[in-house]
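Engineer: Starting off with a structure, shown below.
The values are calculated or read from the model by the stated rules, or taken from the named source; none is laboratory data. Keep in mind it's a predicted model, so treat the numbers as computed, not measured. Reconstructed Cβ throughout: ideal geometry from the backbone, glycine too, with neighbour counts over all protein chains shown. Ligands, DNA and RNA are stripped out before the accessible areas are found, and what is left, the full protein with its side chains, is counted by its heavy atoms. Shrake-Rupley method; radii C 1.70, N 1.55, O 1.52, S 1.80 Å.
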Amino acid sequence: MFPPPEDAEQRRAVAPVICYPTQTLPRPDLDLYRAARQGARKVSETLVPAREAACFTVAAGHMFRITSVEGPQVGDLNLWNAHDLGERFYSGKTRALHGTHLTTGERMWSSFPALRPMATIIADTLGWYGIDAFGGSVHDVIGTRCDPYTGNLLSGSQYHHCCHSNLTRALATHTGLSRAEAEPLVHDVLNVFMCTGFTRDTGQYFMKASPVRPGDYLEFFAEIDLLGALSACPGGDCSAEHSSDTAACHPLLVEVFAPAEGALDGWAPPLSNGYDGTHGAG
């Protein structure tokens, strides 16, 4: 290692600058969304089995809720435009706009070239958690999803019920695509209920026991027509490990709610991003 320069502390002391100031970011009308939720009726529910995944659909203007129903359980969430699977959740840009973890009033943004809100969080029973003494928080957009390739790389395993594989099977089953066709459409997730952060000494991604308990939920407003897939992670509450059959795991419940007629008068789904797409080529 090279020795630090004489001005090392001066360089470290430079104040940070927020990469994407969000003062001009379009704000969701949470009062409207919550009012519409009050009179909404449940139109579907999907119980995601432990160590498995399942798909669900949500129409634009409807709400969906993910609930812990039996015990502490983390879920990995993928979202797609229901009419164009090429438009999918973009965790990296969502992280750049909102931060490493999401909560009420923040949004899941879609991939280029659309780059628009897909879903807005309207309720979070774990919003009280904040950031703990280890730097951990819940509902992260930093972890990619547990997958069989990393497991094989690190331990030579052939584990098939990690979240990447679960989501691949669920998407293939729902759409009729082959698993080979479905797998490239599976993408980095919102880690629902997962408690994560980065270690202060080495900067490594860590997980710890989720604070979620039965009855806790995360609720969203669908900004566009959505196809969702949720995996009940084989790590359970992710207190010790994932991608194994040793952790205690539980199902997760997804409920979809339709607003009363007229409850969203004046609202419309967001348009795709307004950039002209020429990339300087005329």
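Engineer: Go through the stretch 191-216 residue by residue and tally those that are crowded, with 21+ Cβ neighbours inside 10 Å and either of a type in the set (Phe, Trp, Tyr) or modelled with pLDDT under 95 (or both).
Structural biologist: 1
Engineer: Here's something else I'd like to know. Might you let me know whether the stretch 258-275 holds any residue that is part of a loop (DSSP other than H, G, I, E, B), hydroxyl-bearing (Ser, Thr, Tyr), in contact (Cβ under 8 Å) with a residue 60 or more places away in the chain and over 25 Å from Ser137 (Cα atoms)? Steps first, please.
Structural biologist: As a first pass, look at the stretch 258-275 and keep what is part of a loop (DSSP other than H, G, I, E, B): 259-275.
Next cut, hydroxyl-bearing (Ser, Thr, Tyr) only: 272, 275.
Narrowing further to those that are in contact (Cβ under 8 Å) with a residue 60 or more places away in the chain: 272, 275.
Adding the requirement that they be over 25 Å from Ser137 (Cα atoms) leaves 272, 275.
Yes, the conditions are met somewhere in the stretch 258-275.
Engineer: Same structure again: Taking the stated definitions as given, is Asp225 more than 18 Å from Gly136 (Cβ to Cβ) and open to solvent by 10 Å² or more (accessible area, probe 1.4 Å)?
Structural biologist: On the way: more than 18 Å from Gly136 (Cβ to Cβ): yes; open to solvent by 10 Å² or more (accessible area, probe 1.4 Å): yes.
When the stated conditions are applied, Asp225 passes them.
Engineer: Please specify each residue of the stretch 224-257 satisfying the condition of being under 15 Å from the mean Cα position of the chain (by Cα), of a type outside the set (A, V, I, L, M) and under 18 Å from Val43 (Cα atoms).
Structural biologist: Listed by number, the list holds a single entry, Gly228.
Engineer: Under the condition of being of a type in the set (A, V, I, L, M) and under 21 Å from Val141 (Cβ atoms), which residue from the stretch 27-62 is surrounded by the fewest Cβ atoms within 10 Å (Cβ to Cβ)?
Structural biologist: Taking the stretch 27-62 first, the residues of a type in the set (A, V, I, L, M) are 30, 32, 35-36, 40, 43, 47-48, 50, 53-54, 58-60.
Pick out the ones that are also under 21 Å from Val141 (Cβ atoms) and you get 30, 48, 53, 58.
Numbers: Leu30: 15, Val48: 25, Ala53: 29, Val58: 27.
Across the stretch 27-62, the extreme among qualifying residues is Leu30.
Engineer: Would you tally the residues in the stretch 93-105 being open to solvent by less than 40 Å² (accessible area, probe 1.4 Å) and either more than 22 Å from Phe198 (Cα to Cα) or assigned to a loop (DSSP other than H, G, I, E, B) (or both)?
Structural biologist: 3
Engineer: While we're on this one: Restricting attention to the stretch 72-80, does a residue exist that is outside any helix (DSSP H, G or I), charged (D, E, K, R) and over 27 Å from Ser243 (Cα atoms)?
Structural biologist: No, every residue in the stretch 72-80 fails to be outside any helix (DSSP H, G or I), charged (D, E, K, R) and over 27 Å from Ser243 (Cα atoms).
Engineer: Only one residue in Ser157, Ser244, Ser239, Ser178 is over 26 Å from Ala123 (Cα atoms), touching a residue at least 24 places away in the same chain (Cβ under 8 Å) and either open to solvent by 30 Å² or more (accessible area, probe 1.4 Å) or among the charged types (D, E, K, R) (or both), so which one is that?
Structural biologist: Going through Ser157, Ser244, Ser239, Ser178 in turn, just one is over 26 Å from Ala123 (Cα atoms), touching a residue at least 24 places away in the same chain (Cβ under 8 Å) and either open to solvent by 30 Å² or more (accessible area, probe 1.4 Å) or among the charged types (D, E, K, R) (or both): Ser157.
Engineer: When the residues of the stretch 63-89 are narrowed to those that are in contact (Cβ under 8 Å) with a residue 12 or more places away in the chain and more than 18 Å from the chain's Cα centre (by Cα), which ends up most open to solvent (accessible area, probe 1.4 Å)?
Structural biologist: Filtering the stretch 63-89 for residues that are in contact (Cβ under 8 Å) with a residue 12 or more places away in the chain and more than 18 Å from the chain's Cα centre (by Cα), the one most open to solvent (accessible area, probe 1.4 Å) comes out as His83.
Engineer: Scan the stretch 220-257 for residues that are outside any loop (DSSP other than H, G, I, E, B), in contact with a Ser or Thr (Cβ under 6 Å, 6 or more places away or on another chain) and under 28 Å from Thr150 (Cβ atoms) and jot them down. So that I can check it myself, show each step before the final result.
Structural biologist: Just the residues of the stretch 220-257 that are outside any loop (DSSP other than H, G, I, E, B), to begin with: 220-222, 226-232, 252-257.
Subsequent filtering for residues that are in contact with a Ser or Thr (Cβ under 6 Å, 6 or more places away or on another chain) retains 221, 227, 253-254, 256.
Within the stretch 220-257, Leu227, Val254 qualify.
Engineer: Any chance you could count how many residues in the stretch 82-111 are polar (S, T, N, Q) and farther than 29 Å from Ile18 by Cβ?
Structural biologist: Residues meeting the conditions: 0.
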